[in-house]
Each structure stands twice: as structure tokens, then as C-alpha cells.
Amino acid sequence: MGSPMVAESTYSYRARDRSGREVIGSLVAPTAQEAGARLRADGKTVIAIDNRPLTAGTKLNSEQIRRNESAKRVRRDDVISFAQQISVMLETGVPLTEALDAFKNRTKSREFKAVLDAIYNDICSGEQLSTAMARWPRVFPNVMLSLVKASEASGTMSMMLGRVGDYLGKERRTMKQIKGAVSYPAFMMLAGVVLTVFLMTFVLPKFARIYESRSATLPTPTKVLLGISQFFTGQYLYYGPALLVFGVFMAIWLRTTSGKGAMDWLRLNVPILRGMYSQLYITRSARTMSTLLAAGVNLLDIISICRGVTNNAQFDALWEDMETGIREGRQMSEAIFECRYVPPNVASMIASGERSGRLSQVMERIAEFSEQELDDSVKQSTAFIEPIMIICMGLMIGAVAMALLLPIFSMGNVVAGG
């Protein structure tokens, strides 16, 4: 006797594709959860799913809009604390509803408390935790939703939430490393530029008036910098609007597909940054794959989540090739061998893990290895950038200081009218 057929329904959806554009459509699936999984596998971020027609004009009520705006301000640290503490309470036998109620009453974030209130009410109404969390894509990342959904099927929610907390904690530390390595030289360069502009626009003109009042002959470096100073102080009505228009144009362009693609290419090809960013993407991909594979998540869903984790157009080609290859029955490592941003030794380790059936463990070892490589790359990049920044600041400020000091050597003659 055959198994009963599962009735399928047509679900309308509203989502965003990989480029951020909003798309509307419909698909046939047995449940709304399955429809959402298929959309995520296609690289779409789900906004709404319903068995009723959805349009671009479909609006949320005022309470939902207010909550969604609040969700934008929820910190990742709060989500990590949520996963870790709920994991501990579930492990000690506390029911999920009681654990949620206890945590939301202790949280200090009003925004996160509003999210948890909605999730608590949904669960009390009989919904699964993953379904309730999926309504807050700005708060809970896709990897967390996939792990929670897998834990609901396997009955291992306490363990899985602990794994989520560890995963998000490592991701947070990794991003702090990258931000620290990038922000330090940017701050030094900004400080150098601000100090140089201050000397040229406020200090240098005062010295120039002294020399002009005595009809002193100025050295060539001083004349050049005086000309630049006069341009900055006297022509701002021309270059000011031009810089403003250029800044607005760049801000808009960087939000486009071509602008994001250009920045993604620079991250992986600029000599000082490419090692750091390539290790970052490999670390995050391996860590995500290891965590999701251990939880039994479908490989195509894992690839879709990894595409969002790397969020780089250069790596998108790898995920596209990998997805196509898996659908055609090929090994995942075949696409990895062809990606020039993945070292051959990493590709060989992945191929070995596929052959031995230990891909999850191999990915965990790759994540640990790549994380150490990332630490070394960040230290090397910082150590290399620091002297470059010092030299650049020294040249800029030194040039202005020399222009100020050269006429002072003959200051006695200038003051005497010589």
C-alpha cells in the first residue's frame, strides 16, 4: 500500500533576489516552510509567504511596521546571548515557553524584547520556533534558522542552540578582527589629512602675510604650498559642490551591482588586503558548512546560506558552479578546485572529506586552520600598513612643516627689511 499523497498548495511570495531587488511570484509546495526552503535554495531572501495573492502593495499593519523598524536595531550580541542562555535552560529541562518568557523578561534591549514577545506569542499559538523566528530575518541569520529547524526535526534543540551561540560568537570575533585591521589605517590616514589641511588653511596663510608685508622672496616649496592653500581657502565654492556631487555619486554607485562587484574584486586582489579577505571568506564558509552539515541540513540549502555568508560577487561564481555541479551529480570539490581564491591544499582536503564521508569534520579542521591563518594575515597586514601610514603622514605633514621652516631660516633678514 503506497504512502498517502501530501496535498500541495500554491503559495504566493514576496522576496528579494541576490541583487537586492524585490520579486513577486508563486510556487507549489506542500507547506509554507517547504516553499520558504525552496526560495532560500534559489538565493532569495523571503519577505512574506501566504496562500493568498501577494502584491508589491501588500502592506504590514502599523504594529508590524513598528516592530520591523525596531528589529533593525537589535544587536548581534543579544542574539548570541539568547542562543546560549536558551540552550542552557533547555538542557536543564526548562520548557521552551518558560525559557523564552524568562529570557525576554530579563533582556535590557527594548527592541529585542519586542521581537521575543512576538515569538513567544507565536509559540504559545502552536507554531514552531523556527517558523516564528523566520518572521524576523533582520534579527536571526539564515544559518541560525536552518539549525533550529533541523533541531526541531531531530529533538536536539538545546545542543543546536549551543552550537549556534558558538558559531555566532566566532563570527563576531572574526569580524572584529577585520574591522580593527581596516579601521586603524583609515583612522591614521584621516588624521593625517585633517592635520595637513589645518596647517595649509590656517597656519600657512598667517606666515604668508608676514612674508608678503616684508616683500620676502619665498622658496619654491613654500610658493607651491601657498598656491594649494589659496585654492583651498578661496575656491571652495567651486570644488566644494564638486566634491559633494562626487561623494553622492560614489555612495549611489557603491550600492549598485557594478559598484559592489568592483569593491568585491578589490578586496580579493589588492596586495595587502587579498590574503586577509580570502582567509575571511574561507573561514566563514568552512565554519558554516561544518555546522550545517553536522546538523543534517540539505547541501543545496547550505550553499545558499554560504552565499549570504561570504556576500562577495567573486565568490558567487564558486557557489553557482558548486550548486550546478551538485544538481548534475558531481562532487562539490570539483568547483572548488577551479576557484582561484581557494588554495589548492584546502580544495584537496575537501575532496578527501567527500571521499571518506567525513566532510563535516574536515570542514571544521579547515575552519580552525583558516582562522589561524586569518589571525596571522591580520597581524601581517597591520604590521605592513602601519609603517606605510607613518611614512605617508610624515611626508604630508613634513612637506608643510618644511614649507613653514625654510623662510624662517632667513627670518632675521625679513624682519629687518633685508
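Only the coordinates and a few stated rules stand behind these numbers; no lab work does. Computed from a prediction, not measured in an experiment: that's the story for all the values here. Virtual Cβ from ideal backbone geometry, glycine too; neighbours counted across all protein chains shown.
Relative protection proxy for 170-178, 74-82, from highest mean packing down: 74-82, 170-178 (other beta-carbon atoms within 10 angstrom). Among 291-304, 182-195, 233-246, the peptide with the highest mean count of other Cβ atoms within 10 Å heads the list, and the full ranking is 291-304, 182-195, 233-246.
Quick one: work out Rg over Rh on the C-alpha atoms of segment 289-386, Rh as Kirkwood radius.
1.00
The L405 and M175 beta-carbon pair, evaluated with R₀ = 51 Å, returns a calculated FRET efficiency of approximately 0.70.
Sorted from greatest to least, the principal axis extents spanned by the alpha carbons of segment 174-418 come out as 89, 34, 26 Å.
Beyond 17 Å, how much of the Cα-Cα pair distribution for segment 149-212 remains, as a whole percent?
Values: 1359 of 2016 pairs.
In whole percent, the long-distance tail amounts to 67.
Would you mind estimating how fast segment 62-140 diffuses translationally, via Stokes-Einstein at 37 °C and 0.692 mPa s with the Kirkwood radius over Cα pairs, in µm²/s? Taking Rh from Cα pairs, D becomes 259 µm²/s. Here the contact order of the chain, divided by its residue count and restricted to Cα pairs under 8 Å and six or more residues apart, works out to 16 percent.
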